[in-house]
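Here, each number is a calculation from the coordinates, and none is a lab measurement. Nothing here was measured: the structure is a model prediction, and the numbers come from that model. All Cβ positions, glycine included, derive from the backbone under ideal geometry; neighbour counts span all protein chains shown.
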Amino acid sequence: MALQVFCEAYKAGLYGPRYQWIFQGHYNPRWWLVKKDVHGCTPEQLQTAVDGVLTFGRTYVSKSKRKSASISGLTANELFAEFRERSNDRLLYGRHQISVAYDCVWMLALALNSSVNAARSEGIHRDLHDFTYGDQELGQVLLEEMKKVKIWGMKGFMEFNAAHDVADELEMRQIQGKNRPVVAYYFPKTDVGPAELEFLTDSPIKWKGNHYINYYCK
């Protein structure tokens, strides 16, 4: 789909200094590098259309310089090393996302642990092994305890927002010729500071016309 979009953009002249495309970043790292014509465009035409495109995607290991030690005491390298050992180094699907699952298990465990005393303080004298999905009273206690969980995990600071979701750290990349370097990181607010958008000085955004802009934004 992406190749077709940018082929049509090339045909319509929607590229160059007057246009800035922003795209999702979960495609194959070199998705635009083709060896033959596709959708009526040559590889050179596609390269022209996508050059300068900015993409956004989540990071699976925190890049924050203000990151505290993870709640488990493990580093990301240690976690992935243990995973490779336990999985016999097999190329399992989704292996790059184990940090997400690891952090979620920690958050769930902490919420379950604190819900025991929270339930009793509410006059609920049922244990967690008595919980059923029809138990709205105990279910509400679990939900409220989940909202209180705040940890530093493998992928950064973790807490649930009003939509019951966790804000991700994001990386911004830019297609520059045949490469797609990281040019910036977005860090959501944490327990030690507000949200930040950090542009990388050693890998700056290159705007059309060979202009470089280096800046730091909070």
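Worth pointing out:
- Value of Rg/Rh across segment 1-41 [Cα atoms, Kirkwood radius]: 0.96
- Approximate spin-label separation ASN77-LYS148, in nm, with each point projected 7 Å along Cα-to-Cβ: 3.7 nm
- Which listed pairs, of LYS155/LYS206; LYS11/LYS178; LYS147/LYS189; LYS35/LYS155, have C-alpha distances above 26 Å, in listed order: LYS155/LYS206; LYS35/LYS155
- D (Stokes-Einstein, µm²/s), Kirkwood Cα radius, segment 1-80, 0.890 mPa s at 25 °C: 161 µm²/s
- Expected 222 nm ellipticity per residue - DSSP helices of 4 or more, -39500 (n - 2.57), all of the chain, to 500: -10000 deg cm²/dmol
- Using Cβ point charges alone (K and R +1, D and E -1), the dipole size of segment 1-128 about the Cα centre works out to roughly 180 debye.
- Charge dipole of the chain (Cα centre as origin; +1 on each Lys and Arg Cβ, -1 on each Asp and Glu Cβ, all else neutral): 1060 debye, rounded to the nearest 20.
- Structure-derived Kirkwood radius over Cα pairs in Å: which label, when the choices are (1) 20.7; (2) 19.7; (3) 18.8: (1)
- Of LEU112, VAL149, PRO194, farthest towards positive along the dipole that unit charges on Lys, Arg, Asp, Glu beta carbons give segment 65-214: PRO194
- You can think of it this way: the chain between ASN117 and LYS65 has 15.2 nm of extra reach, that is 0.36 nm per residue less the Cα-Cα gap.
- Residues in segment 129-153 that a label on VAL192 would reach, taking backbone N under 12 Å of a point 7 Å out along Cα→Cβ: 152-153
- Using the Cβ of ALA184 as centre and a radius below 11 Å, the other residues enclosed give a net charge of -1, where K and R count +1 and D and E count -1.
- Here's the picture: a label point sits 7 Å out from the Cα of TYR27 along the beta-carbon direction, and within segment 156-180 the residues with their amide nitrogen under 17 Å of it are 172-180.
- Cα centroid separation - segment 29-64 against segment 84-134, whole Å: 37 Å
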